[in-house]
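Enquirer: Below is one structure. I have some questions about it.
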Amino acid sequence: MKDIKLPLNPEELEEYLDERMGESIDDLEIEEIKKGIKQRAMKLIWLTVEREDFRDLVKELAKLHQPHLSVASGSDMGDFIELIYHFAVNYGYPGEEVSVNVKVHLPKDDPTISTITDIVPGAITTEREKQEFLGVTVEDIPDSRRLWLDEVFPEDKYPWRWDDKGMEEQSRYVHDEDEAATPPTKKNPRGGDD
Amino acid sequence: MIEMSEEDTTYQVPIGPIHPALKEPFMINFKLDGETIVDADPHPGMNHRGIEFMGMHRNPLKVIPLSERICGICSIVHQHMYTTAVEHAAGIEPTNRARYIRTIMCELERVHSHVLWAGVAAHEIGFDTHLHFTWKIREKVMDLLEYISGNRVNYSMWTVGGVRRDIPESMHPKIEETLTYYEELYQKLEDIFLGDPSIRLRTKNIGILTKKEALELCGVGPTVRASGVKKDVRIDQPYAAYGDLDLDYVIPSRYGYENTGDVFSKTLVRLKEVVQSIGLIRQCVDQMPDEDIDSEPKKAVLLNKLKKAEGEGIGRIEAPRGEAIHYARLKEGVEELDCWKIRASTYNNLTTYAPMFMGEQIADIPIIAACIDPCIGCMDRAEIVDVSTGKSKSYSHDELHKLSVEKTKKLLEGSL
């Protein structure tokens, strides 16, 4: 690790991750968006990683310096659940910060992922949120209680799911009792049955 | 996580979750040994309105007014992040003039937010005259925001591809007048918050967050900059027009103070950022290019473009409270947002509460809770349960506030 000097530009970071993670990284894309009159670039990396290797990837990032985890976003993609961990490396170097957006795909029949709280302790808030909103199980999470949702919220319903574990009926008809009795007629824009 | 057993002689003090003056109900469970805090466990979610869920059921332009209503003070912050995330996803470029106007508005909001915070901090330790003073001078920047946007709280300035209102040259004298007003008053603010010995007694060496903790817990904004962490999205990953401007990290060591990470350092960072913001607004006003303010003024065309767009984008910003981020994904042929994730600054700073409260006293709870500038602060109802005897006692917001004020008095009399 002695040779590596921060800040790394996106290409160097790609090389760094390629060397160490090799096959387990897919679809690595570098994006630079130029802004303002001086056209200073905002640098981003998007990549997909196998969930078995996700922890290793975070460990490799942590060898550079303590990675900043902005948040993990997540969504129901139909056949699988996609989590995107938005990391930031090179903070503290003006204009050099690179957003590393790590995508992990979890199959719906086994939506589990291992915790990264031992490497990035600040990840606990977002991991707890993913459990209650997407029905993801975070293995070895130090605190698995609900964070945002109330105790009375149903156990097997997850607000961000678009399948039968989602919220479709509850959300649309709670305000009107008569309507609640009738089945929903509006089509699901995300490819429900026609 | 707080665990209690029969042998345990500690007290548990839940503080929260509701106070009418606050935007966001919130609760913290404290575990106390006598007067000393040994653990703090935050419980958010009392005001979870499902905004992301709502956003995923309406078209991208209708989400703009929804996004600015996420927070009452950072209404600009959320509009900005949301629109930049959508612009990024759809490949739309705002004009440079729009970027400058956005920057001016963001910085005006920072002045507004920091001055407001200073008042809250003073109130929490019993200096209500300072509360009234800071909130009086805050009116000036709110007047300016109203003069520019037409609104005092939700400014409705942003749109995908630009802004909705221009800042023409005729508005510059009024902006300059406001900036001069704050410059003239700044020394007084510094004398009060950094120079006053009784305020120093209540803020120095209290609520300490070390640099290591700040980094590991992914804290953001003035909360971690006070510990000497150089994290500021405006500099690290410039957005809007910040790439064109001249600015540096505001950390205490730059001004000859130590990076201790206590409440005093956090106050210092916020006050110095007010000065920095004034400078940035001046730079923007001077350098503003002469262009259109909106790259696509026809909203029907824009909406059609967004419906056809496919992609994902992120919008990151340095809000007054620290880094915040939005993620948005658009799907071709679908009018609604496919995915929307909002993350405000307090979300990341939640975890920093535990180390800051550790070892402090009940009377310090209000000021430490306020020092991350949370979108909360609600001390409406607090209950102390003595586990060994089963007795319980309730503390209202007023009683807790009284405790804090009494501590200041005792410190001044020298009896503590």
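Enquirer: Looking only at region A:92-103, which residues are open to solvent by less than 30 Å² (accessible area, probe 1.4 Å) and over 14 Å from the mean Cα position of the chain (by Cα)?
Expert: A:92, A:95, A:97, A:98
Enquirer: Would you check if residue B:198 is more than 10 Å from chain A (Cβ to nearest Cβ), assigned to a helix (DSSP H, G or I) and modelled with pLDDT of 90 or more?
Expert: The answer is no for residue B:198.
Enquirer: Hey, any hits in region A:66-74 for a residue that's more than 8 Å from chain B (Cβ to nearest Cβ), open to solvent by 20 Å² or more (accessible area, probe 1.4 Å) and touching a strand residue (DSSP E or B) at 6+ places or on another chain (Cβ under 9 Å)? Quick ask: steps written out before the conclusion?
Expert: Within region A:66-74, the subset more than 8 Å from chain B (Cβ to nearest Cβ) is A:67, A:72.
Checking the rest, the ones that are also open to solvent by 20 Å² or more (accessible area, probe 1.4 Å) come to none.
No, because not a single residue in region A:66-74 is more than 8 Å from chain B (Cβ to nearest Cβ), open to solvent by 20 Å² or more (accessible area, probe 1.4 Å) and touching a strand residue (DSSP E or B) at 6+ places or on another chain (Cβ under 9 Å).
Enquirer: Please state which one of A:59, A:130 is assigned to a helix (DSSP H, G or I), touching a residue at least 12 places away in the same chain (Cβ under 8 Å), out of contact with any helix residue (DSSP H, G or I) (no Cβ under 9 Å at 6 or more places or on another chain) and buried (at least 19 other Cβ atoms within 10 Å of the Cβ).
Expert: Working: A:59 fails: buried (at least 19 other Cβ atoms within 10 Å of the Cβ).
The conditions single out A:130.
Enquirer: Let me ask something else about it. Among (1) crowded, with 19+ Cβ neighbours inside 10 Å; (2) not in a strand (DSSP E or B), where does residue A:84 come up short?
Expert: So residue A:84 meets the others, but not (2).
Enquirer: With A:44, A:8, A:28, A:106 as the choices, which residue is over 14 Å from the mean Cα position of the chain (by Cα) and modelled with pLDDT of 90 or more?
Expert: Every option except A:44 fails the conditions.
Enquirer: Could you check region B:53-79 and list, in sequence order, the residues that are open to solvent by less than 20 Å² (accessible area, probe 1.4 Å) and either charged (D, E, K, R) or assigned to a loop (DSSP other than H, G, I, E, B) (or both)?
Expert: Those that are open to solvent by less than 20 Å² (accessible area, probe 1.4 Å) and either charged (D, E, K, R) or assigned to a loop (DSSP other than H, G, I, E, B) (or both): B:56, B:60, B:68, B:71, B:73, B:74.
Enquirer: Give me a count of the residues in region A:10-36 that are basic (Lys, Arg), surrounded by fewer than 17 Cβ atoms within 10 Å (Cβ to Cβ) and more than 19 Å from residue A:67 (Cα to Cα).
Expert: So the answer is 1.
Enquirer: Scan region B:238-248 and give yes if some residue there is within 10 Å of chain A (Cβ to nearest Cβ), of a type in the set (A, V, I, L, M), open to solvent by 10 Å² or more (accessible area, probe 1.4 Å) and not in a loop (DSSP other than H, G, I, E, B), otherwise no.
Expert: For region B:238-248, residues within 10 Å of chain A (Cβ to nearest Cβ), of a type in the set (A, V, I, L, M), open to solvent by 10 Å² or more (accessible area, probe 1.4 Å) and not in a loop (DSSP other than H, G, I, E, B): absent.
Enquirer: Answer yes if at least one residue in region A:62-73 is of a type in the set (A, V, I, L, M, F, W, C) and part of a helix (DSSP H, G or I), and no otherwise.
Expert: Checking region A:62-73: at least one residue is of a type in the set (A, V, I, L, M, F, W, C) and part of a helix (DSSP H, G or I).
Enquirer: Another question, then. Given the residues B:225, B:234, B:202, which is the only one that is closer than 26 Å to residue A:41 by Cα, in contact (Cβ under 8 Å) with a residue 60 or more places away in the chain and basic (Lys, Arg)? Steps first, please.
Expert: Working: B:225 fails: in contact (Cβ under 8 Å) with a residue 60 or more places away in the chain; B:202 fails: closer than 26 Å to residue A:41 by Cα.
On inspection, the qualifying residue turns out to be B:234.
Table: residues versus (1) open to solvent by 10 Å² or more (accessible area, probe 1.4 Å); (2) not in a loop (DSSP other than H, G, I, E, B).
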{"site": "B:83", "(1), (2)": "no, yes"}
{"site": "B:86", "(1), (2)": "no, yes"}
{"site": "B:135", "(1), (2)": "yes, yes"}
{"site": "B:138", "(1), (2)": "yes, yes"}
{"site": "B:155", "(1), (2)": "no, no"}
{"site": "B:170", "(1), (2)": "yes, yes"}
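Enquirer: Look at residue B:231 and say whether it is among the charged types (D, E, K, R), within 23 Å of residue A:118 (Cα to Cα) and crowded, with 24+ Cβ neighbours inside 10 Å.
Expert: Taking the combined requirement at face value, the residue satisfies it.
Yes or no, residue by residue, for (1) at pLDDT 75 or above; (2) touching a Cys at 6+ places or on another chain (Cβ under 8 Å); (3) open to solvent by less than 60 Å² (accessible area, probe 1.4 Å):
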site: B:22; (1), (2), (3): no, yes, yes
site: B:35; (1), (2), (3): yes, no, no
site: B:38; (1), (2), (3): yes, no, no
site: B:42; (1), (2), (3): yes, no, yes
site: B:51; (1), (2), (3): yes, no, yes
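Enquirer: Does residue B:260 satisfy the condition of being part of a helix (DSSP H, G or I) and closer than 23 Å to residue A:120 by Cα?
Expert: No; evaluated as a whole, the condition is false for this residue.
Enquirer: Of the conditions (1) at pLDDT 90 or above; (2) in contact with a Ser or Thr (Cβ under 6 Å, 6 or more places away or on another chain), residue B:125 satisfies every one except a single condition; which number is it?
Expert: (1)
Enquirer: Kindly evaluate residue B:343 against the criterion of being closer than 25 Å to residue B:57 by Cβ, in contact with an Asp or Glu (Cβ under 6 Å, 6 or more places away or on another chain) and facing chain A (nearest Cβ under 9 Å). Working first, answer last.
Expert: Numbers: closer than 25 Å to residue B:57 by Cβ: yes; in contact with an Asp or Glu (Cβ under 6 Å, 6 or more places away or on another chain): no; facing chain A (nearest Cβ under 9 Å): yes.
Against the criterion (closer than 25 Å to residue B:57 by Cβ, in contact with an Asp or Glu (Cβ under 6 Å, 6 or more places away or on another chain) and facing chain A (nearest Cβ under 9 Å)), residue B:343 does not qualify.
Enquirer: In addition: Looking at region B:281-292, can you tell me whether even one residue there is more than 10 Å from every other protein chain (Cβ to nearest Cβ), part of a helix (DSSP H, G or I) and within 19 Å of residue B:319 (Cβ to Cβ)?
Expert: Yes: region B:281-292 contains one or more residues that are more than 10 Å from every other protein chain (Cβ to nearest Cβ), part of a helix (DSSP H, G or I) and within 19 Å of residue B:319 (Cβ to Cβ).
Enquirer: Just checking, how many residues over region B:303-328 are basic (Lys, Arg) and surrounded by 23 or more Cβ atoms within 10 Å (Cβ to Cβ)? Walk me through how you get there before you give the answer.
Expert: Keep residues of region B:303-328 that are basic (Lys, Arg), which gives B:305, B:307-308, B:316, B:321.
Next, from what is left, pick out any that are surrounded by 23 or more Cβ atoms within 10 Å (Cβ to Cβ): B:316, B:321.
Residues in region B:303-328 being basic (Lys, Arg) and surrounded by 23 or more Cβ atoms within 10 Å (Cβ to Cβ): 2 in total.
Enquirer: Something else: Take region B:251-280 and flag every residue that is of a type in the set (S, T, N, Q), away from chain A (no Cβ under 14 Å) and open to solvent by 40 Å² or more (accessible area, probe 1.4 Å).
Expert: Of everything in region B:251-280, just one residue is of a type in the set (S, T, N, Q), away from chain A (no Cβ under 14 Å) and open to solvent by 40 Å² or more (accessible area, probe 1.4 Å), namely B:260.
Enquirer: Pick from region B:208-236 the residues that are over 19 Å from the mean Cα position of the chain (by Cα) and closer than 23 Å to residue B:344 by Cβ: which of them is farthest from the other protein chains (Cβ to nearest Cβ)?
Expert: The residue in question is B:213.
Enquirer: Can you name the residue in region A:32-53 that is part of a helix (DSSP H, G or I) and in contact with a helix residue (DSSP H, G or I) (Cβ under 9 Å, 6 or more places away or on another chain) and is also nearest to the other protein chains (Cβ to nearest Cβ) among such residues?
Expert: A:53
Enquirer: Separate question: Name the residues in region A:133-150 that are more than 10 Å from chain B (Cβ to nearest Cβ), open to solvent by 20 Å² or more (accessible area, probe 1.4 Å) and closer than 26 Å to residue B:27 by Cα, would you?
Expert: Keep residues of region A:133-150 that are more than 10 Å from chain B (Cβ to nearest Cβ), which gives A:134-141.
Adding the requirement that they be open to solvent by 20 Å² or more (accessible area, probe 1.4 Å) leaves A:137, A:139-141.
Those that are more than 10 Å from chain B (Cβ to nearest Cβ), open to solvent by 20 Å² or more (accessible area, probe 1.4 Å) and closer than 26 Å to residue B:27 by Cα: A:137, A:140, A:141.
The values are calculated or read from the model by the stated rules, or taken from the named source; none is laboratory data. Just so we're clear, the structure is a prediction, and the values are computed from it rather than from any experiment. Cβ coordinates were reconstructed from backbone atoms using ideal geometry, including for glycine residues, and neighbour counts include every protein chain displayed. Note: accessible area is taken over every heavy atom of the protein model, side chains too, but ligands, DNA and RNA are not part of it. Shrake-Rupley method; radii C 1.70, N 1.55, O 1.52, S 1.80 Å.
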